[in-house]
Amino acid sequence: ALREAYPELEGVHHLSTLLCPAHRWRVLAEIRERLTEGKPCRLIATQVVEAGVDLDFPVVMRAVGPLDRIVQAAGRCNREGKQERGRVVIFELQEGRAPRGVYRTGTEEAKIILRQPDADLHQPETYTTYFDRLFQNASLDSPKAKCGQQGRVAIQDSRSAFQFETVACLYRLVTDDTQPVIVLRYDEPAVQRLLGEARGRLQHGH
(Lines give C-alpha, C1' and ligand atoms only; values in the text may rest on other atoms or scores of the structure.)
Protein backbone atom coordinates (compact mmCIF):
# COMPACT_ATOMS: atom_id res chain seq x y z
CA ALA A 1 0.00 0.00 0.00
CA LEU A 2 2.85 2.39 0.83
CA ARG A 3 4.51 1.72 -2.51
CA GLU A 4 1.26 2.30 -4.38
CA ALA A 5 0.78 5.62 -2.57
CA TYR A 6 3.65 7.19 -4.53
CA PRO A 7 3.18 6.11 -8.17
CA GLU A 8 4.96 9.24 -9.44
CA LEU A 9 8.27 8.41 -7.74
CA GLU A 10 10.99 6.76 -9.79
CA GLY A 11 12.80 3.62 -8.70
CA VAL A 12 10.43 2.46 -5.92
CA HIS A 13 10.87 -1.17 -4.84
CA HIS A 14 9.27 -3.45 -2.28
CA LEU A 15 10.96 -6.27 -0.39
CA SER A 16 9.51 -8.66 2.17
CA THR A 17 9.58 -12.32 3.20
CA LEU A 18 6.24 -12.77 1.45
CA LEU A 19 8.14 -12.72 -1.84
CA CYS A 20 9.66 -16.00 -2.91
CA PRO A 21 13.50 -16.13 -2.92
CA ALA A 22 13.76 -15.85 -6.70
CA HIS A 23 11.65 -12.70 -6.67
CA ARG A 24 13.65 -11.19 -3.78
CA TRP A 25 16.92 -11.86 -5.63
CA ARG A 26 15.55 -10.13 -8.72
CA VAL A 27 14.47 -7.08 -6.70
CA LEU A 28 17.85 -6.92 -4.93
CA ALA A 29 19.66 -7.10 -8.27
CA GLU A 30 17.60 -4.17 -9.58
CA ILE A 31 18.28 -2.16 -6.40
CA ARG A 32 22.03 -2.76 -6.52
CA GLU A 33 22.13 -1.83 -10.20
CA ARG A 34 20.34 1.48 -9.58
CA LEU A 35 22.53 2.30 -6.57
CA THR A 36 25.70 1.52 -8.51
CA GLU A 37 24.61 3.72 -11.40
CA GLY A 38 23.54 6.54 -9.08
CA LYS A 39 19.91 6.39 -10.18
CA PRO A 40 17.03 7.26 -7.83
CA CYS A 41 16.24 4.24 -5.68
CA ARG A 42 13.70 3.94 -2.89
CA LEU A 43 13.09 0.72 -1.00
CA ILE A 44 10.03 -0.06 1.11
CA ALA A 45 10.91 -3.15 3.09
CA THR A 46 10.12 -5.26 6.11
CA GLN A 47 12.75 -6.53 8.55
CA VAL A 48 14.08 -8.85 5.85
CA VAL A 49 16.73 -6.22 4.99
CA GLU A 50 18.03 -5.92 8.56
CA ALA A 51 20.39 -8.88 8.40
CA GLY A 52 22.36 -10.52 5.61
CA VAL A 53 21.45 -7.98 2.93
CA ASP A 54 24.35 -5.86 1.68
CA LEU A 55 22.74 -2.58 0.61
CA ASP A 56 24.00 0.98 1.04
CA PHE A 57 21.54 3.88 1.18
CA PRO A 58 22.36 7.52 2.07
CA VAL A 59 19.14 7.76 4.14
CA VAL A 60 17.32 5.07 6.13
CA MET A 61 13.92 5.57 7.77
CA ARG A 62 12.62 2.99 10.23
CA ALA A 63 9.59 2.74 12.48
CA VAL A 64 10.63 2.56 16.11
CA GLY A 65 11.21 -0.98 17.34
CA PRO A 66 13.63 -2.94 19.53
CA LEU A 67 16.96 -1.14 19.73
CA ASP A 68 18.93 -4.00 18.18
CA ARG A 69 16.58 -3.98 15.17
CA ILE A 70 17.03 -0.23 14.76
CA VAL A 71 20.80 -0.68 14.72
CA GLN A 72 20.49 -3.43 12.10
CA ALA A 73 18.50 -1.08 9.87
CA ALA A 74 21.05 1.70 10.44
CA GLY A 75 23.70 -0.70 9.15
CA ARG A 76 22.21 -0.21 5.67
CA CYS A 77 22.92 3.54 5.82
CA ASN A 78 26.22 4.77 4.35
CA ARG A 79 27.44 1.21 4.70
CA GLU A 80 30.35 1.72 2.30
CA GLY A 81 31.32 5.18 3.60
CA LYS A 82 30.60 6.94 0.31
CA GLN A 83 28.98 9.88 2.12
CA GLU A 84 30.62 12.02 4.77
CA ARG A 85 27.69 11.17 7.02
CA GLY A 86 24.58 9.04 6.57
CA ARG A 87 21.17 9.87 8.00
CA VAL A 88 18.91 7.51 9.98
CA VAL A 89 15.40 8.68 10.86
CA ILE A 90 13.38 6.85 13.54
CA PHE A 91 9.65 7.55 13.55
CA GLU A 92 6.53 6.40 15.36
CA LEU A 93 3.43 5.35 13.45
CA GLN A 94 0.31 7.22 14.49
CA GLU A 95 -1.74 4.02 14.65
CA GLY A 96 1.07 1.50 14.77
CA ARG A 97 1.02 -1.56 17.01
CA ALA A 98 4.01 -3.67 17.95
CA PRO A 99 3.64 -7.47 18.04
CA ARG A 100 3.07 -8.89 21.50
CA GLY A 101 5.83 -10.42 23.58
CA VAL A 102 9.54 -9.61 23.53
CA TYR A 103 9.26 -7.41 20.42
CA ARG A 104 6.77 -5.07 22.09
CA THR A 105 8.80 -4.99 25.31
CA GLY A 106 11.97 -4.22 23.32
CA THR A 107 10.16 -1.44 21.48
CA GLU A 108 9.02 0.20 24.71
CA GLU A 109 12.52 -0.05 26.21
CA ALA A 110 14.00 1.47 23.05
CA LYS A 111 11.57 4.41 23.29
CA ILE A 112 12.69 5.06 26.86
CA ILE A 113 16.36 5.15 25.83
CA LEU A 114 15.81 7.23 22.68
CA ARG A 115 13.90 9.86 24.65
CA GLN A 116 16.83 10.46 26.96
CA PRO A 117 18.50 13.82 26.18
CA ASP A 118 21.95 12.26 26.48
CA ALA A 119 21.18 9.09 24.51
CA ASP A 120 24.23 7.99 22.51
CA LEU A 121 23.85 4.95 20.28
CA HIS A 122 27.60 4.89 19.66
CA GLN A 123 28.31 3.92 23.27
CA PRO A 124 28.35 0.20 24.21
CA GLU A 125 26.94 1.08 27.64
CA THR A 126 23.68 2.11 25.95
CA TYR A 127 23.10 -1.46 24.78
CA THR A 128 24.16 -2.96 28.10
CA THR A 129 21.46 -0.85 29.77
CA TYR A 130 18.93 -1.74 27.08
CA PHE A 131 19.42 -5.51 27.28
CA ASP A 132 19.55 -5.47 31.09
CA ARG A 133 16.16 -3.77 31.16
CA LEU A 134 14.80 -5.97 28.37
CA PHE A 135 15.69 -9.26 30.08
CA GLN A 136 14.27 -8.01 33.37
CA ASN A 137 10.92 -7.01 31.88
CA ALA A 138 10.39 -9.46 29.01
CA SER A 139 8.78 -12.85 29.43
CA LEU A 140 11.46 -15.14 28.02
CA ASP A 141 9.59 -18.32 28.78
CA SER A 142 6.00 -19.43 29.16
CA PRO A 143 4.17 -22.74 29.63
CA LYS A 144 4.02 -24.71 26.41
CA ALA A 145 2.31 -27.86 25.20
CA LYS A 146 2.27 -30.95 27.40
CA CYS A 147 4.69 -33.04 25.31
CA GLY A 148 3.67 -36.17 27.21
CA GLN A 149 4.09 -34.49 30.61
CA GLN A 150 1.52 -34.13 33.35
CA GLY A 151 0.23 -30.54 33.16
CA ARG A 152 2.00 -27.78 31.28
CA VAL A 153 5.73 -27.24 31.62
CA ALA A 154 8.13 -24.43 30.69
CA ILE A 155 11.27 -24.66 28.58
CA GLN A 156 13.64 -23.13 31.13
CA ASP A 157 12.41 -25.45 33.89
CA SER A 158 13.06 -28.45 31.64
CA ARG A 159 16.52 -27.15 30.71
CA SER A 160 17.43 -26.71 34.38
CA ALA A 161 16.37 -30.30 35.02
CA PHE A 162 18.43 -31.56 32.02
CA GLN A 163 15.26 -32.85 30.34
CA PHE A 164 16.57 -32.21 26.85
CA GLU A 165 14.05 -34.44 25.09
CA THR A 166 11.27 -32.36 26.59
CA VAL A 167 13.07 -29.14 25.61
CA ALA A 168 13.34 -30.38 22.02
CA CYS A 169 9.61 -31.09 22.05
CA LEU A 170 8.68 -27.74 23.57
CA TYR A 171 10.92 -25.30 21.73
CA ARG A 172 9.82 -23.98 18.36
CA LEU A 173 11.54 -21.03 16.72
CA VAL A 174 8.62 -21.01 14.26
CA THR A 175 5.50 -22.04 16.12
CA ASP A 176 3.40 -22.88 13.07
CA ASP A 177 3.86 -26.30 11.48
CA THR A 178 4.93 -25.72 7.89
CA GLN A 179 5.88 -27.74 4.84
CA PRO A 180 8.92 -26.41 2.94
CA VAL A 181 8.38 -25.82 -0.77
CA ILE A 182 11.29 -25.30 -3.17
CA VAL A 183 10.49 -23.27 -6.28
CA LEU A 184 13.05 -24.12 -8.94
CA ARG A 185 11.72 -21.74 -11.57
CA TYR A 186 9.87 -18.51 -10.97
CA ASP A 187 7.15 -18.88 -13.58
CA GLU A 188 3.40 -19.18 -13.16
CA PRO A 189 2.87 -22.77 -14.46
CA ALA A 190 5.60 -24.18 -12.22
CA VAL A 191 4.28 -22.36 -9.14
CA GLN A 192 0.70 -23.46 -9.80
CA ARG A 193 1.82 -27.06 -10.25
CA LEU A 194 3.69 -27.00 -6.94
CA LEU A 195 0.69 -25.47 -5.18
CA GLY A 196 -1.53 -28.19 -6.61
CA GLU A 197 0.84 -30.89 -5.38
CA ALA A 198 0.98 -29.26 -1.93
CA ARG A 199 -2.82 -29.16 -1.72
CA GLY A 200 -2.98 -32.83 -2.67
CA ARG A 201 -0.48 -33.77 0.02
CA LEU A 202 -2.41 -31.83 2.64
CA GLN A 203 -5.72 -33.39 1.63
CA HIS A 204 -4.19 -36.84 2.02
CA GLY A 205 -2.69 -35.98 5.39
CA HIS A 206 0.94 -35.97 4.23
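Averaged per residue, what accessible surface does region 1-58 expose to a 1.4 Å probe, in Å²? Kindly include the intermediate steps, with their values, before the conclusion.
Working: 3760 Å² over 58 residues.
In whole numbers, region 1-58 has 65 Å² accessible per residue.
Could you give me the ³J(HN,Hα) list for region 195-201, computed from phi with Karplus coefficients 6.51, -1.76, 1.60 and θ = phi - 60°, whole Hz, x at Gly and Pro?
Coupling constants for region 195-201: 5, x, 5, 5, 4, x, 5 Hz.
Which of the three applies to region 1-82, rounded, prolate or oblate, going by the alpha-carbon gyration tensor with a ≥ b ≥ c and a/c under 1.5 meaning rounded? Present the calculation step by step, with values, prior to reporting the outcome.
Values: a/c = 1.32, a/b = 1.16, b/c = 1.15.
Rounded.
Check His13: other-chain or 5+ apart residues with amide H under 5 Å from its amide H, H built from backbone geometry?
Arg42, Leu43, Ile44
Using a 1.4 Å probe over the heavy atoms of the protein chains, calculate the carbon and sulfur portion of the accessible area of region 1-129 as a whole percent.
Numbers: 4440 of 8850 Å².
Reported share for carbon and sulfur atoms: 50 percent.
Write out the trypsin sites (Lys or Arg not before Pro) in region 56-128 meeting two conditions: DSSP loop, and at most 11 other Cβ atoms within 10 Å of their Cβ. Don't skip to the end; give the middle numbers.
Numbers: sites: Arg62, Arg69, Arg76, Arg79, Lys82, Arg85, Arg87, Arg97, Arg100, Arg104, Lys111, Arg115; in loops: Arg76, Arg79, Lys82, Arg85, Arg97, Arg100, Arg115.
Here the sparse-neighbourhood loop sites are Lys82, Arg85, Arg97, Arg100, Arg115.
So with the 1.4 Å probe, I'd like the accessible area per residue for region 80-123, rounded to whole Å².
It amounts to 87 Å² per residue over region 80-123.
The values are calculated or read from the model by the stated rules, or taken from the named source; none is laboratory data. Quantities reported herein were computed from a predicted structural model and do not represent experimental measurements. Heads up, the Cβs are rebuilt from the backbone with ideal geometry, glycines too, and the neighbour counts pull from every protein chain shown. The area values use the complete protein model at the heavy-atom level, side chains included, leaving out ligands, DNA and RNA. Shrake-Rupley method; radii C 1.70, N 1.55, O 1.52, S 1.80 Å.
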